[in-house]
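Novice: The following block contains the structure, expressed as structure tokens.
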Amino acid sequence: MEVKAQQLRLYIPLLITSLILLMIGLGPGLFHQSALAGYSWQHKIFDLLCHQDPFRSYSLNGESMAICSRCLGIYGSFALLVLLMPLIGRFFTVINHIILKLIVVAIVLNLVDVLLNALDIWTNTLHSRFLLGALFGGFLALLLTNEFFSKIVKIEESHGT
Amino acid sequence: MEHETMENENPSYWTSVLIGGLIVGIVMTVMSLASQYMTIGGEPTGSSFNLTQIIGILSCFVGAIGGVIATRHYAKEYDITFPIGKGALIGLFAGIVAVLFSTIIGLIWTYIIDPELNQAFYDWQIANLEAQNMTDDQMDFAMGLIPKPGSTSALVWSAGIGLVVMGALNAISGLIGAKIFASEED
């Protein structure tokens, strides 16, 4: 079994972009800087895209991350699985229509989690939000695996002797 | 004749880019303005259903959806398939259009419709910093990250960061959108 790497010109930028987004999202703690109550360049960058509530974010080196735990799950699992794509492509067969359904399930789970928590029907935690975000980001990355690394099945020709 | 055939095979994606970018731009502007008004005018309501919280949680989904909308529109409108690289490009442009559009609406709003909003929000941020008992050095550092309203640096900060981050994120979402809606597989 061989794995064919395709579109590396697209895979490398995707990998670099997702890793950079994750590193910025990890916040000032990763760079041993002070967040000063949420005022850092990392927080500024994700200001548009995340509520950055320190009570709903993990800390790194004592500083609140620039993204909430759910976003950390999304960016983290996406970047990790993009990084692992060559291995996933080698050892697993990714069936896209199943992954698509799982993406929809992950979106619904996240929305239900947000709504039930907002309505005080249940209380989510840092970890539960992280895990639900990670499901979503992970499935998104898996969906792309076949585009970059797909298995080549060699058919042995028999000549009937 | 040959040129026409080529054009039919590769229709322009700019309409789709504009649609994706405009939708995201409008929604993000509305969410941003709503969140600013709630911040400056907001006393804690005691309600468990906090609209600001919901807006914050939805903002990442909304910000990244432009690439998906644009690639879906492009694929369905012309009933075509295209490579994910093209989807990434469409998403990148949709993200850029969203930020440009959002910046323009924001400028119109804060210069013409409600010129006092920016100053009020700035004052609220300063008051918020002062309430945290920072040292002078910390205060100076934090103030450096809050550009004065209406200044060029405020515009460059918000539009510049937005272009890079939204461009990158929507390029990824465009890539995913192309995979879902325009893939030759299945």
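Novice: Could you give the radius of gyration (one decimal) and Dmax (whole number) of the Cα atoms in the protein assembly as shown, in Å?
Specialist: Rg and Dmax of the protein assembly as shown, Cα atoms, are 22.2, 89 Å.
Novice: Another question, if that's okay. Other chains near A:41-48: what is the mean number of their Cβ atoms within 10 Å of each residue's Cβ? Don't skip to the answer; put the middle values down first.
Specialist: Numbers: counts 4, 0, 1, 6, 4, 5, 8, 15.
For this peptide, the per-residue mean of nearby foreign Cβ atoms is 5.
Novice: Within chain A, which whole H helices from DSSP have a Cα span along their axis of at least 24 Å and a mean Kyte-Doolittle hydropathy of 0.5 or more, if any?
Specialist: Span-like helices, by this rule, are A:8-25, A:96-118, A:126-148.
Novice: Evaluated at 4 °C with a viscosity of 1.567 mPa s, what Stokes-Einstein diffusion coefficient in µm²/s does region A:5-148 have when Rh comes from the Kirkwood expression over alpha-carbon pairs? It would help to have the intermediate numbers written out before the result.
Specialist: On the way: Rh = 16.0 Å.
It diffuses with D of about 81 µm²/s by this estimate.
Novice: Related question: Compute the distance from the alpha-carbon center of region B:78-120 to that of region B:150-185, in whole Å.
Specialist: Going from one Cα centre to the other spans 9 Å.
Novice: Just order A:114-127, B:92-105 by mean Cβ neighbour count inside 10 Å, highest at the front, would you?
Specialist: Ranked by mean Cβ neighbours within 10 Å, highest first: B:92-105, A:114-127.
Novice: Oh, and also: What is the mean number of Cβ atoms from other protein chains located within 10 Å of the Cβ atom of each residue in peptide B:158-170, rounded to a whole number?
Specialist: Taking the mean over all residues of the peptide, I get 3.
Novice: What residues have an amide H closer than 5 Å to that of residue A:149, excluding those fewer than 5 places away on the same chain, when H is modeled at 1.01 Å from N in the peptide plane?
Specialist: Here the answer is A:6, since their amide H atoms fall under 5 Å of that of residue A:149.
Novice: I'd like to know how region A:1-83 sits against the 2.2 N^0.38 Å rule of thumb: what's its Cα Rg over that expected value?
Specialist: With N residues counted in region A:1-83, Rg over 2.2 N^0.38 Å equals 1.25.
Novice: Run the helix sum for chain A: -39,500 (n - 2.57) per DSSP H stretch of 4+ residues, divided by residue count, reported at 222 nm to the nearest 500 deg cm²/dmol.
Specialist: -18500 deg cm²/dmol
Novice: Taking amide hydrogens as modeled 1.01 Å from N in the peptide plane, which residues meet the under 5 Å criterion relative to residue A:52, leaving out close sequence neighbours?
Specialist: Those qualifying (amide H under 5 Å, at least 5 residues apart or on another chain) are A:68.
Novice: State the Kirkwood hydrodynamic radius of region B:2-181 in Å, one decimal place, computed from all pairs of distinct Cα atoms.
Specialist: 18.1 Å
Novice: Within 10 Å of each Cβ of B:59-65, how many other protein chain Cβ atoms are there on average?
Specialist: Taking the mean over all residues of the peptide, I get 5.
None of the figures in this text is laboratory data; all of them are computed from the coordinates on show. Predicted model, so just to flag it, every value in this text is computed and none were measured. Every residue, glycine among them, receives a Cβ derived from its backbone with ideal geometry; neighbour counts consider all protein chains shown.
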